[in-house]
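Engineer: Structure below; questions to follow.
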Amino acid sequence: MRIAVYPGSFDPVTCGHIDIITRASMVYDKIIVVVSKNSGKKPLFTVEERMDFIKRSTTHLSNVYIDCCDGLLVDYVKKSGSNVIIKGLRAVSDFEYEFQMALANKKIEPQIETLFMMTDAKYSYLSSSIVKEMASLGADFTDLVPSEIINDIKNKFRNNGE
Ligand code: ADP
């Protein structure tokens, strides 16, 4: 069984992420989407909320599983029986950081490969930060995230604003 791990902070999951998950699910037998607990900046949504958002947005993809991880990603990948990390690439600006991460992971665990998938052009500008910024300022972000989670994002900003 060919298993790939797709890691990220997913704070929150966007249509750009879902596009990568959908395409990867057609190439691999099983995709594990892993929410990383130890990303640098403080997230808006809890790990449980972020996992739940991805779960609700991928119910139509039968070979997609959701998990979280707070140690070294390569350790998680090995334990899961996979040897592939999938990353999405948007612009040149993503390249330098992803290149560094891929080489660092290769140094720690040479058997694990990082494979890059190009963004769909229509999502090339899209990030979780853009969604949060738009939502916080009252702009319409509803075609940038899966429809299943629009109200959760709206509610978070409504509650934060009170
Ligand atoms: P961000 O907060 O920038 O959206 P994440 O850490 O949640 O980033 O992203 C997880 C993975 O998804 C990374 O490999 C990232 O490059 C990729 N990704 C994020 N947004 C997109 C997009 N719009 N198109 C393709 N890949 C994306």
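Coordinate-derived values only; no laboratory data. Quick caveat, the model's predicted, so the values are computed rather than measured. Note that each Cβ is placed from the backbone with ideal geometry, even for glycine, and that neighbours are counted across all protein chains shown.
Engineer: Convex hull over the alpha-carbon atoms of the chain: what's its volume per residue in Å³?
Structural biologist: 111 Å³
Engineer: Quick one: which of K41/K78; K55/K106; K55/K79; K79/K106; K55/K78; K42/K79 span more than 19 angstrom between C-alpha atoms? Intermediate results must be reported in sequence, preceding the final value.
Structural biologist: On the way: K41/K78 26 Å; K55/K106 29 Å; K55/K79 21 Å; K79/K106 16 Å; K55/K78 23 Å; K42/K79 27 Å.
Too far apart for the 19 Å limit: K41/K78; K55/K106; K55/K79; K55/K78; K42/K79.
Engineer: Still on this model: Go ahead and run the numbers for FRET between L115 and T59, Cβ-Cβ distance against an R0 of 22 Å, rounding to 0.05.
Structural biologist: Values: r = 25 Å, r/R0 = 1.14.
Working from the Cβ atoms, E equals 0.30.
Engineer: Output ³J(HN,Hα) for the stretch 47-56: one whole-Hz value per residue in order, computed from phi by the Karplus curve 6.51 cos²θ - 1.76 cosθ + 1.60 with θ = phi - 60°, and x for Gly and Pro.
Structural biologist: Couplings: 4, 4, 4, 5, 5, 4, 4, 5, 4, 5 Hz.
Engineer: May I pose another question? Between F95 and S136, what length in nm is gained on full extension when 0.36 nm per residue of separation is reduced by their alpha carbon distance?
Structural biologist: Taking F95 through S136 to full extension adds about 12.0 nm, to one decimal.
Engineer: Here's something else I'd like to know. Where a Cα-Cα gap under 20 Å defines reach, which aspartates and glutamates qualify for K87, not counting those fewer than 8 residues away within the same chain?
Structural biologist: Correct list for K87: D11, D19, D29, D67, D70, D75, E96, E98, E109, E113, D120.
Engineer: Here is a further query. Given L44, A135, I112, which one lies farthest toward the positive end of the charge dipole of the chain, if we put +1 on the Cβ of every Lys and Arg and -1 on the Cβ of every Asp and Glu?
Structural biologist: Checked the options; the winner is I112.
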